[in-house]
Every structure is written in structure tokens, then in C-alpha cells.
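Trainee: Dropping the structure in here first, questions after.
Any read-out appearing in this document is the output of simple, stated calculations on the displayed coordinates, not a laboratory observation. Worth saying up front: this structure is predicted, and the values here are computed from it rather than measured. Using ideal geometry, Cβ is built from the backbone for each residue, glycine included, and neighbour counts are taken over all protein chains shown.
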Amino acid sequence: MDTKAFTRALKKSENYNRKGFGHAEEVANVMQSTYQSNLIQELRDNNYTLTRGHVTIKLAKAFGFCWGVERSVAMAYETRQHFPSERIWITYELIHNPSVNQHMRDMQIGFIPVIDGKKDFSVVENNDVVILPAFGASVQEMQILNDKNCKIVDTTCPWVSKVWNSVEKHKKKQFTSIIHGKYSHAETIATSSFADKYLIVLNMAEAEYVCNYILNGGNHDEFMAKFSRACSQGFNPDQDLAQVGIANQTTMLKTETEQIGKLFERTMMKKYGPDQLNQHYQNFNTICDATQERQDAMSGLFDQKLDLMVVIGGFNSSNTTHLQEMAIENNIPSFHIDSAERILPDNRIEHKPLGRDVEITEGWLPENKIVVGVTSGASTPDKAVEDTINKILAMKSV
Ligand code: SF4
């Protein structure tokens, strides 16, 4: 499929909108009252620090709603204003945040149901309005909606589109896209739909496995078993790894994305020689600023003595999980929650340890003086951070 021609034609269609509907001002007021917080403003004005009684809160200097998410949520509100009585759908969660998604439901915006792991577009009727979320939608999904003559409101973050453009460039030169991401994540599914040949690597260990295969060969069947759900149809590691381009899920750990890019660069240089590198390796910088800033701000918190960290964000939010990973790497006890409601009476917290299911920890807040680091993922409103801080203060009887 010529994905470039399809998306170009779609963007010219009168059923397609990616600029909003001119209700930005009214929506800004609603967003302000629903998601903003006075307490967070106070923290910002006080060098991101708040001390009350025995508790000091240290807030990361970049946290919460990123530009792309804020834009996507605002466009969803605008869409409802512009189409007050039409049926409106979102192809997936608008963003990975339960309270924002609940607000969407409250506005009678439906989510395309998923049955046996597959989205069921049969609920969408001709002329319905469909919102594409911040992390985009696959070309095949856009095609289904276009065939149904739907009005498409595309809130895909421009940073994500930038990755898609890189993948288009790889395809043009018949390169295989190596995507650093999670093969089941909606953004990576969308990104891979633009590629001809692709391979998704989750982390450095998988990248090393692939690079070792490029340099030394290996067991074809073992390779295919390992990446069976993470490569394009008909992928053959013995033929399709001679020319590679790097792409990424925008919310992965930026240091890891950079390391993976460098590893492939070194590998291709070793295999083909430095003068042939451009014929075998392509990399465009597609690490999103917001992800980078939140991870840098998290590192900044580690310069101070913290007793523990609270990381707020959806449990399926990739960028939030990476913030949690950073706390663990720095040996700081860290609690990942998706809302303040997870903080329970009697000094208990219901949280999600990395790679495990949600569990309850008792006595999570130490006695006496404490310094608590707080951050939140790119899809978390300030209000959720405020509620969390207030609950911590209340638990410490402040
Ligand atoms: S994290 Fe980056 S790529 Fe993702 S929505 Fe936010 S600004 Fe866009």
C-alpha cells in the first residue's frame, strides 16, 4: 500500500481535520477548571518545593501533561462542542489517563470496543465523527474510517508524525525500520503500519541480539521465534538486516534509544566499513522533547536526598513506567499510582511495582521528617498531582 499517497489524499479530504474548530478559548477555560491546580502553581513559584510540618515535597521541574497531550485533549473537547449531537468515537484511549478518559465518556464520546484483542469498528456508522488519539492510529484504521465516510479529527502529536516521516524515508530507500518500542503499544502499532519492513526491539538486550546476528549470523528459527510478534510479515533476518533505519516510540527511555542507535551504527560500520555507512544505516533524531525533559527533570531530583518517590500516571503509560524505572535504578523506593485514590487510609498504598501487578504496601510513609519526590507522566493532569500531594500531607497529619 502506498501509505504516503493515502495519507496525502486523506489530509486533503473535507472530512479530515487536524487543526481544531476555532473554539480554543472556551475550551481553554474548561481545561483550566478541570485539570489545572493552584497548589501546583504554588510549588512552581517556590522552586518546585513545598514544606509543611514534617513533609517536604520536591516536584520534578518538568512533569505531567506534555504539549502533545494537552493539544489532543483540547481538540477532543472542541470536537464535542463543534458536533454537539453527532456520535463521536475515539479509536483508543485518548491518552493513558483514567480521569481524562472518564471525562470523554461523560461527554458521550465512545471508545472503539476491543474484542479478542481486535478493535471492532462495526460500531462506527457512516458519517460518525472519529477522533484519532495523541499517539495516532494505524494507516489501516484510517482507511476503514475513510471508507465509512467518517469525519476524522486527527489529534496525532506532531512528534509522532515526525517518526512516521522517518519510517517513510526508510521505506523509500528500501531500508528496514528498527523501531525501539513495545510491539503491543498503540503508537508503535501505528508507526509500524507505515513501514514496509520493520523489526521492533524492546531494549538494549534485544538490540544486542539483533546486532550480533548481523555481524555473526545465528539461528534463524530462534530469531524468528523471539521476534514473531515484533516484525513485518515475511521478515527474513538473513536478508532484511543489510540496511537499517532507526525509529522509536516517542516515550521510550531516551538514553536507551540513543544507545540503540549508536549500537546499530557501530555494527553497520564494522560490517560494511565506514565509507559504506550511509548505504546501510539511517538515523533521524525523533526523540520527543517532552519525554526528554521529563526524564532529565527526574534525574535532577536525584541530586537531592529523597526518602521516596511517588510517580503518578496510567499503569499502561509507557513514559510513566520509564520514570518509575529511573527511580529504581537510583535505589529510591518508588510507588507508581494512577490516581490519588490509590493512597489508602492507615498508611497503606495500592501501587504497581515495575513489571508486577498492582499490590498494597502497608506503612509506606516513614515516620518523622520525610522528603518525597513527586513526578507524573505526560498524560497526567496537574489536578491528579495536587490530589496526591494533599493526600500525603493529610496522612502525615499536616
Ligand atoms: S510525549 Fe511527546 S510525542 Fe508523546 S504526545 Fe507528548 S509531546 Fe507528543
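Trainee: Tally Lys and Arg at +1 and Asp and Glu at -1 over the other residues with C-beta under 11 Å from the C-beta of Ser339: what net charge comes out?
Mentor: That sum, taken over residues with Cβ under 11 Å, equals -1.
Trainee: Report Rg (one decimal) and Dmax (nearest whole number) for region 327-371, counting Cα atoms only, units Å.
Mentor: 11.0, 31
Trainee: Lysines within cross-link reach of Lys383: Cα-Cα under 24 Å, excluding same-chain residues under 8 positions apart?
Mentor: Qualifying lysines at Cα under 24 Å: Lys58, Lys61, Lys352, Lys391, Lys396.
Trainee: Determine, for each peptide in 353-361, 290-298, 122-130, 166-174, the mean count of other beta carbons within 10 angstrom over its residues, then list the peptides with the highest first.
Mentor: 290-298, 166-174, 122-130, 353-361
Trainee: Which residues make up the longest stretch of the chain clear of chymotrypsin sites (Phe, Trp or Tyr not before Pro) that lie in a DSSP loop with no more than 16 other Cβ atoms within 10 Å, not counting the sites?
Mentor: The answer is 22-283.
Trainee: Additional query: Once a ≥ b ≥ c are taken as the square roots of the eigenvalues of the Cα gyration tensor of region 67-157, is the result rounded (a/c under 1.5), prolate (a/b larger than b/c) or oblate (a/b not larger than b/c)?
Mentor: rounded
Trainee: Exposure proxy check: Arg266, Arg8, Arg80 ranked by fewest other beta carbons within 10 Å?
Mentor: With the sparsest Cβ surroundings first, the list reads Arg8, Arg266, Arg80.
Trainee: Using a simple spin-label model with points 7 Å from Cα along the Cα→Cβ vector, what separation in nm is obtained for Asn127 and Glu341?
Mentor: According to this spin-label approximation, the distance is 3.8 nm.
Trainee: Less than 13 Å Cβ to Cβ from Ser232, Lys/Arg counted +1 and Asp/Glu -1: what total charge do the surrounding residues give?
Mentor: Summing Lys/Arg as +1 and Asp/Glu as -1 gives +1.
Trainee: Give, as a single signed number, the net charge of other residues whose beta carbon lies under 13 Å from the beta carbon of Val55, with Lys and Arg counted +1 and Asp and Glu -1. Before the final figure, lay out the partial values.
Mentor: Details: positive: Arg52, Lys58, Lys369, Lys391, Lys396; negative: Asp307, Glu367.
Here the count lands on +3.
Trainee: Let me ask something else. Which shape class applies to region 159-287: rounded if a/c is under 1.5, otherwise prolate when a/b exceeds b/c and oblate if not, where a ≥ b ≥ c are the square roots of the Cα gyration tensor eigenvalues?
Mentor: Here region 159-287 falls in the rounded category.
Trainee: Please give the calculated 222 nm ellipticity per residue for the chain, where each DSSP H segment of at least 4 residues contributes -39500 (n - 2.57) and the sum is spread over every residue; nearest 500 deg cm²/dmol?
Mentor: Computed ellipticity for the chain at 222 nm equals -13000 deg cm²/dmol.
Trainee: Compute the distance in nm between two label points, each set 7 Å from the Cα along the Cα-to-Cβ direction, one at Ala28 and one at Asn285.
Mentor: 3.0 nm
Trainee: Once you put a point 7 Å from the Cα of Lys173 and another 7 Å from the Cα of Arg348, both along the Cβ direction, what distance in nm separates them?
Mentor: Distance between label points: 5.7 nm.
Trainee: Full extension from Ile360 to Lys61: what is 0.36 nm times the residue separation minus their Cα-Cα distance, to one decimal in nm?
Mentor: 104.8 nm
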